[in-house]
Every structure is written in structure tokens, then in C-alpha cells.
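Okay, so here's the structure we're looking at.
The values are calculated or read from the model by the stated rules, or taken from the named source; none is laboratory data. In this text, all values refer to a predicted model and were calculated from it rather than measured experimentally. Every residue, glycine as well, gets a Cβ built from its backbone with ideal geometry; the counts of neighbours run over all protein chains shown.
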Amino acid sequence: MNAANKKINFYFWAQLITYHLSLITQKMRQQIVAGNWKMNKTLDEGTELIKSVLEKLEQRPRGPVVFATPFPFLLAAAKILKVRKGFYLAAQNCHHEEKGAYTGEVSVDMLSSVGAEYVIIGHSERRQYFKETNEQLAKKVNLALGKGLLPIFCCGEPLDIREKGTHVGYVAKQLKASLFHLPTAEFRKVVIAYEPIWAIGTGRTASTEQAQEMHAAIRVLLAKKYGKDVADGTSILYGGSCNAQNAPDLFRQPDVDGGLIGGASLKADDFVAIVNAMK
Ligand code: PGA
């Protein structure tokens, strides 16, 4: 073998090894199912629900299972969940300032001090009823990440935007405004939940094609901003009338990595079926 051939041979093997190493080290994205209880349940009902879900789940879930309980139940829920691997606790909101004179509000520090590991940020109900702005949401994201909480960042379009066909641009704007200031290392910790507003609590789920189209578009956007590796490693959950019947089809879509579940997370059997639908 002459010197030129040897060199080509060397580069060939070096490239092959690098490629295989990159496959091994590439962060595969997780599937996640999170139950958003909203303003439902009492303490006893809530702890019963969690215990019942844990009992009914026969096999270890294929990805993290998150319970987003109301604030007053977090501590009790944390005590039940901390002995079970693979189950996590989320708050449904946090305040955008670190602390101070904000009567009735709850800070990120308070949440982590009672055992929350995730926090839902930017749910459409918070945007709509509490007039939360993209700027406030960006602050919440920063605070959460700064204090070690993982944001589940919600985005999604209202019905009129969907009907106009401008939904991809609308969601892109939400993501850019509240997340794209993050450096890559921080962005990697964010979970995205796509929740079309017209599908939330209405019984009108997005079709698998509609969900896949938007999730794929979000991933393309993330790839443009943070690179393919980060985009491929980001979990994008679907939310909006996801239930035991439609979860298997939705979760089978290549870019749907689980779900953020409202109504169906309030019944143990339904939630367990959705957890079991993780592919
Ligand atoms: P839904 O709510 O499953 O009841 O539609 C989802 C959500 O708002 O997170």
C-alpha cells in the first residue's frame, strides 16, 4: 500500500469510528408523560390518585412520569414520589421574580424547597386568564433553570390562527420570544409542550397529522437555532384532549415524545393507560 492509500485508509477508519462514537454519545430524547391537574382535587383526593396510579402501573414506565399538582399538595406528593424511581413532581406555575412583596405568589425557590423538579411555564390558561407575557415567561424560564428546576414550556395557537393556517409561525414566535435567548447548555434542559388552545379541554384533539406536522416544524426550528443534535435531544410533548384512546396513535408519531395531560390525568385508570402508551 502506498503512502497516499494509507492516508485515505486512515481517514476512512477515523471517520467511521467518529460516526459510531457520535451515535453512542448522542443524547436520545426521552418520552415523558405529565399530568396537569390544574385547579382540581383536594389533598386527600390528590394523594389517593397518585397512590392509585403507582399501584396500577405494573411495569416500570418507559419514560419519566410527572405529576403537576396544585401548590398545596406538592410536599405531600413529594413524600410519596421520592421512594419511586422514574416519577417526578411539577408545579403548574411560578412567579417571574425571585422573591419579595408579591402577595399570594409562589417563588421558584419555594417550589424546589418542597421537592418540585419540573415547573410548567406558559400554559395557555396562564397566558389567557392571567395575561402572562412572553417577556415574563422568559424570566420564569431563567429563574427556573437558575435554581435547578426543569421548565415544561407550553406553546400553541388559538383556533382563529389555526384556521388562517399561520399556526407554525405563531408557535415559532412564542418559542423565540421566551426560549431562544438561552445558551445551548441551558436550552437542553427545557421540555416543550405543544398544546393547541382549541384542543385543550374541548374533547377536540389535534389529528395525528396535525400534531406531527407542528412537532416536526418545532424540531426544524430548534435545529436551525441550536443544531440538529440539540433538536433531536429535545422532548416535545403533545397536549390537548389527549386521552387513553388517542394517546397510542399520537405517541407513535416520530416527533411526539409523550404528552401533557389535563382532564385524563385526574382518573387513575386513564392516566395509567396513557403512561403505558409511551412507545
Ligand atoms: P386537556 O388539558 O388534556 O384537559 O385538554 C391539557 C392541558 O391543558 O395541559
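Quick look at the values:
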| read-out | value |
| --- | --- |
| Restricting segment 82-118 to residues that are surrounded by fewer than 21 Cβ atoms within 10 Å (Cβ to Cβ) and in a helix (DSSP H, G or I), the residue that is nearest to the chain's Cα centre (by Cα) | S112 |
| Neighbours by Cβ (under 8 Å, 6+ apart or cross-chain): first from segment 105-129, within 16 Å of the ligand (Cβ to nearest atom); second at pLDDT below 95 | S124/I200; E125/I200 |
| Looking only at segment 160-178, and only at residues there that are of a type in the set (V, I, T) and touching a Phe, Trp or Tyr at 6+ places or on another chain (Cβ under 8 Å), the one that is farthest from the ligand (Cβ to nearest atom) | I161 |
| Tally, over segment 138-177, of residues that are over 19 Å from the mean Cα position of the chain (by Cα) and charged (D, E, K, R) | 4 |
| Filter result (closer than 19 Å to I236 by Cα and not hydrophobic (A, V, I, L, M, F, W, C)) within segment 143-156 | P151, G156 |
| Test: residue in segment 169-177 that is at pLDDT 95 or above and more than 18 Å from A231 (Cα to Cα) | yes |
| Any hit, segment 35-50, residues being at pLDDT 95 or above, more than 25 Å from S124 (Cα to Cα) and exposed (fewer than 12 other Cβ atoms within 10 Å of the Cβ) | yes |
| The one condition in (1) out of contact with any His (no Cβ under 7 Å at 6 or more places or on another chain); (2) within 16 Å of the ligand (Cβ to nearest atom) that E157 fails to fulfil | (1) |
| Residue that is farthest from the chain's Cα centre (by Cα) [pool: residues in segment 119-137 that are closer than 13 Å to L179 by Cβ and surrounded by fewer than 20 Cβ atoms within 10 Å (Cβ to Cβ)] | E135 |
| Counted residues, segment 243-266 - those being touching a residue at least 60 places away in the same chain (Cβ under 8 Å) and among the charged types (D, E, K, R) | 1 |
| Residue list for segment 241-272, restricted to those being buried (at least 20 other Cβ atoms within 10 Å of the Cβ) and touching an Asp or Glu at 6+ places or on another chain (Cβ under 6 Å) | A264 |
